[in-house]
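*Asks:* What follows is a single structure, and I will ask about it in a moment.
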Amino acid sequence: MSTPTPAAARWQALIDEYEASGLSAREFATERGVHPNTFAWWRSRIRHGVVRSEARQPARFLELSVVSDVQVAGGGVVVHLDRLSATLRIDAATDLRLVRALLEALC
């Protein structure tokens, strides 16, 4: 059996605490200084067993292409996710942790 990552273990402990709290998820997250959407995302991943373990994960790839004919205000890049027919516009204000989480969720 694989061991959860330190982050997954911390979130699991926080979720266990939430379940015993009697508060709504939003109230609990706000009280703990966690963004409610981040809390909901981790809760969903843990509930569905999608968290990574410390055991080595096989490489996963997501095909994407950079769209060169689209201009992003303030510079940046436009990435097209071919499999999903979706486009990401990434500029200096983009939260790269969110982009990484999105891409990991899609792989």
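*Asks:* Restricting to segment 10-23, name every residue that is in a helix (DSSP H, G or I) and loosely packed, with under 14 Cβ neighbours inside 10 Å.
*Replies:* Arg10, Ala13, Asp16, Glu17, Glu19, Ala20, Ser21
*Asks:* Restricting to segment 24-39, count the residues that are loosely packed, with under 14 Cβ neighbours inside 10 Å and either at negative phi or outside any loop (DSSP other than H, G, I, E, B) (or both).
*Replies:* Qualifying residue count, segment 24-39: 7.
*Asks:* Can you name every residue in segment 31-46 that is of a type in the set (Lys, Arg) and over 17 Å from Pro6 (Cα atoms)?
*Replies:* Arg32
*Asks:* Criterion first (surrounded by 13 or more Cβ atoms within 10 Å (Cβ to Cβ), at pLDDT below 80 and not β-branched (Val, Ile, Thr)) does Arg45 satisfy it? Spell out the reasoning first.
*Replies:* Details: surrounded by 13 or more Cβ atoms within 10 Å (Cβ to Cβ): yes; at pLDDT below 80: no; not β-branched (Val, Ile, Thr): yes.
No: the conditions fail for Arg45.
*Asks:* Follow-up question, since we're still on this one. So Ala73 passes all but one of these: (1) at pLDDT 80 or above; (2) assigned to a loop (DSSP other than H, G, I, E, B). Which condition number does it fail?
*Replies:* All conditions are met except number (1).
The values are calculated or read from the model by the stated rules, or taken from the named source; none is laboratory data. Predicted, not measured: the structure shown is a model, and the values here were computed from it. Cβ: placed from backbone, ideal geometry, glycine included. Neighbour counts: every protein chain shown.
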